[in-house]
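Worksheet for the structure shown next.
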Amino acid sequence: MVPRASFPGPGSHASGVHCRQSSSSRGKLFWECFPFSHQPQLLIWQSAGYTFEIWRFQEKQEEWLPSNSEAGEEKSPRCSHTDLCSNSDIFLTASLSPQIFPLFRALGANGLLIEYEDMFPYEGHLRLLRASNAYSPSEVTEILRLARLSELEVVPLVQTFGHMEFVLKHPAFSHLREVALFPNTLNPHEAESLALVSAMIDQVLGLHEGALWLHIGCDEVYYLGEGEASKQWLQQEQNSQAKLCLSHIRAVASHVLSLNHSTTPLVWDDMLRDIPQDQLAASGVPQLVEPVLWDYSADLDVHSKVLLMEKYRECGFPRLWAASAFKGATGASQALPPIQHHLRNHAQWLQVAGSGPADALQGIILTGWQRYDHFSVLCELLPVGIPSLAACLQLLLCGGFAEDVKGRVENLLGISSSEAADAVSEEAGSFPGSDIHALVTQVSLHLCSSVDALLERNRYVTGWFSPYHRRRKLIHPVMLQHIQPEAFRWAVLVQQLEAALQRVFYPDAVEEWLEENVHPSMQRLQHLLQDLGEAAAPLPALSNPRRDTGQDPKGLLPRLGCSAVSPGGTG
């Protein structure tokens, strides 16, 4: 679902439709679930999260019922996914949840899929899985209470096969890796492996009593079959990688159902796609889980997706889900979501819904990944992705993104309609986190290029404060007023951004995002300002540059440091 190292696969931490949180794990993701209508032009949706009982295809087109509608229950479910990795786009803080959940609802979602990863308050021998800023049990309870207030059905996600880095990175569990060197995948041959994920499931469901669905992940199970135990097992003629995969999925799903037959396991579908139809049908897995078909590409192959849906239905899967993306699927270090890409992705899914088997798709999950995997950098922060989320939801609801649909997004978010389908709005709207959206956009679009322009093309810098001048601390005082304002402007804006991020995210997430996206450019400005200050300070007069020999003034660099530049007059 979310792109990992190469391309998207399902997901991670908390902050949107599907959320995943972990200290260095995949970042929050956001999903919005929408039930598909039999008629392709209409997809009914609700706000963040999953309201799965509503995720049913309608026999006819329905009008979208706003959250304050008195016309009865909403007709279709939509799910938002939140990725809650530590050191990630952790938007679900105590202060923001009361604001963001009602927005999800207003946008049309009726469910919230949360992948906690290392943000879950595991206890006992699993306590070491917790990130330093993991939620407490009371905080999880509060999140669930706030979700209920906004009529969002919460669906927890627990990775149980692939994307197990947040577990298998720990020495205490590293012996359960499929391949000893890599913490991605769990060894399915070890009884302790099933006991481990079963204990994780037990604790998560213990805080999510009555959950209608539990997502057990199982996407991108890299290196499966490459471990020593697997190699030996695969030497037996009747064994295959597909059989190994299905056996583990069946064991995990059976455990979930043994705890509560009313909790249905969901799985990402990528590991099932290439398994022969007869083998998949005979495995027993179709009677235990509901697959989520994910594809985040703008040129999604509608015909292939329809054929895949038909295959799954013929194998015996009674219900299927779709998953798109509104952020976190176009680049591991992407800062701003390419909204047009995501709109095209959702338009293609509408075609799939209208062309596939009747009543096959129960709904769609709009993912908003925060990291490609546990060790990757942060991609788009949730506040920056909200306009994309709103636009994609509206497209699904209205069957397109015409001017009137843009106007609806404008009204919901308090932004101009011309910006509704563009990621480059630099003016704050009225939605939670809109100040972060505006500031991040300015920094992402202009900081690096502005610094480059100042240092390399600004005529006052290149003409009167060149590297030659900086090394010798030479500056005409009047040049300060031409050079300093631009540097100070960015310093002030970055301070505003840092303060806004600190109100929403945990300190380590703020530190990471700034270090990755801001500090490289700001350090160049800092060095410039430092050199300006030293050059402007009165020091013994130096010779005229025209008479200078080109050698460093005697003792100057040892005394002031290699980055220093001489002050004084014009020579």
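The values are calculated or read from the model by the stated rules, or taken from the named source; none is laboratory data. Since this is a predicted model, take the numbers as computed values, not measurements. Note that each Cβ is placed from the backbone with ideal geometry, even for glycine, and that neighbours are counted across all protein chains shown. When the accessible area is computed, the model is the full protein with side chains, heavy atoms only, and any ligands, DNA or RNA have been set aside. Shrake-Rupley method; radii C 1.70, N 1.55, O 1.52, S 1.80 Å.
Of all residues in region 444-467, those that are without any contact (Cβ under 8 Å) to a residue 24 or more places away in the chain have Cβ atoms under 6 Å from Cβ atoms of residues that are open to solvent by 60 Å² or more (accessible area, probe 1.4 Å), 6 or more apart or on another chain, in Tyr460/His482; Trp464/His476.
For Gly400, the test of being of a type in the set (Gly, Ala, Ser), surrounded by fewer than 24 Cβ atoms within 10 Å (Cβ to Cβ) and not in a loop (DSSP other than H, G, I, E, B) is failed. Quick one: in region 415-440, which of the residues that are closer than 25 Å to Ala347 by Cβ and of a type in the set (Gly, Ala, Ser) is modelled with the highest pLDDT? Looking at the filtered set, the residue picked out is Gly429.
Of the residues making up region 338-353, just one is closer than 25 Å to Leu501 by Cα and either open to solvent by 10 Å² or more (accessible area, probe 1.4 Å) or of a type in the set (Phe, Trp, Tyr) (or both), namely Pro338. Here Gln203 clears all of (1) in a loop (DSSP other than H, G, I, E, B); (2) closer than 24 Å to Leu128 by Cβ; (3) open to solvent by 10 Å² or more (accessible area, probe 1.4 Å) except the condition numbered (1).
Out of the residues in region 354-368 that are of a type outside the set (Val, Ile, Thr) and closer than 12 Å to Leu113 by Cβ, state the one that is surrounded by the fewest Cβ atoms within 10 Å (Cβ to Cβ). Within region 354-368, the match that is surrounded by the fewest Cβ atoms within 10 Å (Cβ to Cβ) is Gly363. Are any of the residues in region 248-264 assigned to a strand (DSSP E or B) and either outside the structural domain of Val154 (by the TED database) or modelled with pLDDT of 95 or more (or both)? So far as region 248-264 goes, yes, one or more of its residues are assigned to a strand (DSSP E or B) and either outside the structural domain of Val154 (by the TED database) or modelled with pLDDT of 95 or more (or both). Of all residues in region 103-134, those satisfying the criterion of being of a type outside the set (Lys, Arg), farther than 16 Å from Val158 by Cβ and buried (at least 24 other Cβ atoms within 10 Å of the Cβ) are Phe104, Leu107, Gly108, Ala109, Asn110, Gly111. Only one entry in Ser297, Ser230 is in a loop (DSSP other than H, G, I, E, B) and surrounded by 15 or more Cβ atoms within 10 Å (Cβ to Cβ), namely Ser297. So, in region 265-292, of the ones that are more than 23 Å from Ala211 (Cβ to Cβ) and part of a helix (DSSP H, G or I), which residue ends up most open to solvent (accessible area, probe 1.4 Å)? In this case the residue turns out to be Asp278. Residues in region 141-182 that are assigned to a loop (DSSP other than H, G, I, E, B) and among the hydrophobic types (A, V, I, L, M, F, W, C) were compared, and the one that is most open to solvent (accessible area, probe 1.4 Å) is Leu181.
State which residue is nearest to Trp321 (Cα to Cα) when the search covers only region 246-264 and only residues that are hydroxyl-bearing (Ser, Thr, Tyr) and open to solvent by less than 40 Å² (accessible area, probe 1.4 Å).
Taking region 246-264 as the starting set, the residues that turn out to be hydroxyl-bearing (Ser, Thr, Tyr) are 247, 254, 258, 262-264.
Going one step further and asking which of them are open to solvent by less than 40 Å² (accessible area, probe 1.4 Å), we end up with 263-264.
Values: Thr263: 16, Thr264: 13 Å.
Of everything passing the filter in region 246-264, Thr264 is nearest to Trp321 (Cα to Cα).
For region 215-223, indicate whether the set of residues that are among the aromatic types (Phe, Trp, Tyr), part of a loop (DSSP other than H, G, I, E, B) and open to solvent by 20 Å² or more (accessible area, probe 1.4 Å) is non-empty. The answer is yes, given that some residue of region 215-223 is among the aromatic types (Phe, Trp, Tyr), part of a loop (DSSP other than H, G, I, E, B) and open to solvent by 20 Å² or more (accessible area, probe 1.4 Å).
Kindly indicate whether Leu186 is touching a helix residue (DSSP H, G or I) at 6+ places or on another chain (Cβ under 7 Å) and crowded, with 23+ Cβ neighbours inside 10 Å. When the stated conditions are applied, Leu186 passes them.
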